[in-house]
Amino acid sequence: MNQDSIFIYSPELLKYKFSDHHPFNPLRLKLTLDLLMKSNAIKTNDIVPPRFATNDELSLLHDIDYIEAVQQAGQGLLSMDRAENYGLGTEDTPIFPNMHENSALLVGGSLTAADYVMSGKANHALHLGGGLHHGFRGKASGFCVYNDCSVAIRYIQETYHAKVLYIDTDAHHGDGIQWSFYDDPNVCTLSIHETGRYLFPGTGDIHERGHDKGYGFSFNIPVDAFTEDESWLTCYKEALSEVAAYFKPDVILTQNGADAHFLDPLTHLSVTMKTYKEIPKIAHEIAHQYCDGRWIAVGGGGYDIWRVVPRAWALIWLEMTENRNDMNQIPSSWISEWQKKAPVTLPLKWEDDDCLYAPIPRKAEITEKNGQTLEKSLFPIR
Amino acid sequence: MIVEEIMKTNVITLTQNHSINDAYKLMLHYKIRHLPIVDENKHLLGIVSDRDIRDALPSILIDSSKQRNVLLKPIKMIMKTNIITGHPLDFVEEIGTVFYEHPISCLPIVKEHTLVGIITKTDLLHTLVELTGAHQPSSQIEIKAPNRAGVLSEMTSVFLKRKTNILSILVYPYKHDEKYKMIVIRVQTINPTSLIEDLKHAGYQVLWPNLPGIQL
């Protein structure tokens, strides 16, 4: 059966969990799905469970010895010395039981999404458990064990021979995917993120444009700390429309980290729900304009799991399914279900209040600087 | 750190009887701006830069047809022979001083009269970036701390407690008050928030970053 949009989910995805106190909290997935259900915006047959990625599929990107190390770590068999070499057992990526299987399921979800979209069984697929963009070939980094996006792109290349445009709107630079395809002219990466001046991982400068044959197929727009909706959206809209026109992808893969929001505790950007409503809207348009609708969307960062992530991620699904979301209020059943578990007051509306934060000093300068950054980044294709 | 750790060892060279045209093409091909000129024993005889070649080329503003044979002349006619060189065991800091004091952009590295490597200003800058740890995934924290003995040791215990690997530390004087120093630390974590809490709790002023225009 041909479906317009599918939502990849199973409760097993919640097992990608480092610890109770770790900021990367899989409860986000459940909160988002529940918000969609209580809004009557998703049906049971929209939901497709993820499959496991095989070791062969993981090794499209990852080193065999790294995969083995993750397997051993998940069984408690990896020594701390060896773990450290693989970035495992750190505060960012602590070792947890069955970490190989649980990580391989996240990757498998992106492969399921890729198969549905590339074989024409669905136009769009949303896999919020994916988007682990900091994972490297042989090293865990920044909460990411395996890099589902890089594996999925390699898989799409091998199985469907398609040109992939990867679009990363997480507040952190999409370094793992950028370096995976740095010399590949058939994958174009576009990342908009907070400047690496202070923020992890520190890379993502406009001058990182690719290497060798891949030169000119890596785009970075590092925006200043405290950037707000208007300036952020200008960068996003102009960059995406121009890069898509230049690269002419067969499919787009969007990484939808929701950590650029003002309330996010890990970053310093100041965007609101306005931005999270626009991000999928533009991506959707681009998918239909260039890719016959082929659009795979994954999750990513997002550390205010109560007030920001469920709304931001639900908006992707609403856009995908062309649900025009004239809802104003968050369903009271969702609030009453979760408020008692939340340490903060849950939002009552889909949109943020205008007085969410005090006016940012030097807004005009930040906007002007971002404009220059955008100009420099797109200069080669203008 | 010593020069042999950062120098390029696959040096592109020519002999003195090669033509200026040969040098010009080689520079274009390898996207380089300096060519050491050596004899058959790899002994350094001279060096040619892209500026030397430009000086030898006809002006684009005058009829150049008469000067076409210029490019066929041997390099030895334009190469510089009073060359400043370095040794593989020189300290990188010393090389920095050499570049600062002389109007040159590259340094051939010579050992027992033989050319063994080359370092350019760009290589030196790249090394500096690597030393700051900025090429590895990390977060940057800037801390204003009192300028006295033992501060670094006290401060880094916070990082030990959080099991966070420090990639690099840079210490420099605080411009506005010599009683303080700025300490710039690159840490291997995506989530420095708890570290920053601990540091603030221990009485340090942390910039990560602050609102624009607000000074520590």
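A compact table of results
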| quantity | calculated |
| --- | --- |
| Residues located in the stretch B:10-22, provided they are surrounded by 16 or more Cβ atoms within 10 Å (Cβ to Cβ) and under 15 Å from B:ILE118 (Cβ atoms) | B:VAL11, B:THR13, B:LEU14 |
| So B:ILE109, is it over 30 Å from B:GLY86 (Cβ atoms), part of a strand (DSSP E or B) and either over 19 Å from the mean Cα position of the chain (by Cα) or assigned by TED's automatic domain parsing to the domain that holds B:ASN82 (or both) | no |
| Conditions (1) within 14 Å of chain B (Cβ to nearest Cβ); (2) buried (at least 22 other Cβ atoms within 10 Å of the Cβ): number failed by A:CYS149 | (1) |
| Which listed residue is modelled with pLDDT under 95 and under 22 Å from the mean Cα position of the chain (by Cα), from A:ASN328, A:ASN323 | A:ASN323 |
| Test result for B:PRO108, away from chain A (no Cβ under 14 Å), without any contact (Cβ under 8 Å) to a residue 40 or more places away in the chain and not aliphatic (A, V, I, L, M) | no |
| Hits in the stretch A:152-175 (condition: touching a Ser or Thr at 6+ places or on another chain (Cβ under 6 Å) and within 14 Å of chain B (Cβ to nearest Cβ)) | A:ALA171, A:HIS173, A:GLY174, A:ASP175 |
| Some residue of the stretch A:58-77 being at negative phi, in contact with a Ser or Thr (Cβ under 6 Å, 6 or more places away or on another chain) and surrounded by 17 or more Cβ atoms within 10 Å (Cβ to Cβ) | yes |
| Residue among A:ILE221, A:ILE156 that alone is touching a residue at least 60 places away in the same chain (Cβ under 8 Å), closer than 19 Å to A:GLY300 by Cα and within 20 Å of the chain's Cα centre (by Cα) | A:ILE221 |
| Tally of residues being assigned to a loop (DSSP other than H, G, I, E, B) and not aliphatic (A, V, I, L, M) across the stretch A:22-51 | 11 |
| The stretch A:78-101, subset crowded, with 18+ Cβ neighbours inside 10 Å and polar (S, T, N, Q), residue farthest from A:ASP115 (Cα to Cα) | A:THR90 |
| Strands (runs of 3 or more DSSP E) (entirely within the stretch A:104-199) containing at least 2 residues that are farther than 24 Å from A:PRO310 by Cβ and in contact with a helix residue (DSSP H, G or I) (Cβ under 7 Å, 6 or more places away or on another chain) | A:164-168, A:187-194 |
| Cβ pairs under 6 Å, 6+ apart, first in the stretch A:320-340 and free of Cβ contacts under 8 Å to residues at least 60 places away in the same chain and under 13 Å from A:ASP34 (Cβ atoms), second of a type in the set (D, E, K, R) and not in a helix (DSSP H, G or I) | none |
| Subset of the stretch A:69-82 [more than 26 Å from the chain's Cα centre (by Cα) and not in a loop (DSSP other than H, G, I, E, B)] | A:GLN72, A:MET80, A:ASP81, A:ARG82 |
| Residue within the stretch B:151-167 that is touching a strand residue (DSSP E or B) at 6+ places or on another chain (Cβ under 8 Å), assigned to a strand (DSSP E or B) and surrounded by fewer than 13 Cβ atoms within 10 Å (Cβ to Cβ) present | no |
| Within the stretch A:83-101, considering residues that are outside any loop (DSSP other than H, G, I, E, B) and closer than 20 Å to A:GLU12 by Cβ, the one farthest from the other protein chains (Cβ to nearest Cβ) | A:GLU101 |
| Top-ranked residue in the stretch B:148-192 [being of a type in the set (Val, Ile, Thr) and in contact with a Ser or Thr (Cβ under 6 Å, 6 or more places away or on another chain); ranked as farthest from the other protein chains (Cβ to nearest Cβ)] | B:VAL187 |
| Residue ranges of helices (runs of 4 or more DSSP H) in the stretch B:1-61 with at least 2 members of a type outside the set (S, T, N, Q) and within 18 Å of the chain's Cα centre (by Cα) | B:3-6 |
| Only one of A:THR367, A:THR345 that is more than 14 Å from chain B (Cβ to nearest Cβ) and either of a type in the set (S, T, N, Q) or outside any helix (DSSP H, G or I) (or both) | A:THR345 |
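Rundown of residues vs (1) in the same structural domain as B:GLY117 (by TED's automatic domain parsing); (2) in contact (Cβ under 8 Å) with a residue 60 or more places away in the chain; (3) under 29 Å from B:LEU131 (Cβ atoms), yes/no style:
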{"site": "B:ILE32", "(1), (2), (3)": "yes, no, yes"}
{"site": "B:GLU40", "(1), (2), (3)": "yes, no, no"}
{"site": "B:ARG54", "(1), (2), (3)": "yes, no, no"}
{"site": "B:ASN82", "(1), (2), (3)": "yes, no, no"}
{"site": "B:HIS87", "(1), (2), (3)": "yes, yes, yes"}
{"site": "B:TYR100", "(1), (2), (3)": "yes, no, yes"}
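The values are calculated or read from the model by the stated rules, or taken from the named source; none is laboratory data. For clarity, every value in this text was computed on a predicted model and none was experimentally measured. All Cβ positions, glycine included, derive from the backbone under ideal geometry; neighbour counts span all protein chains shown.
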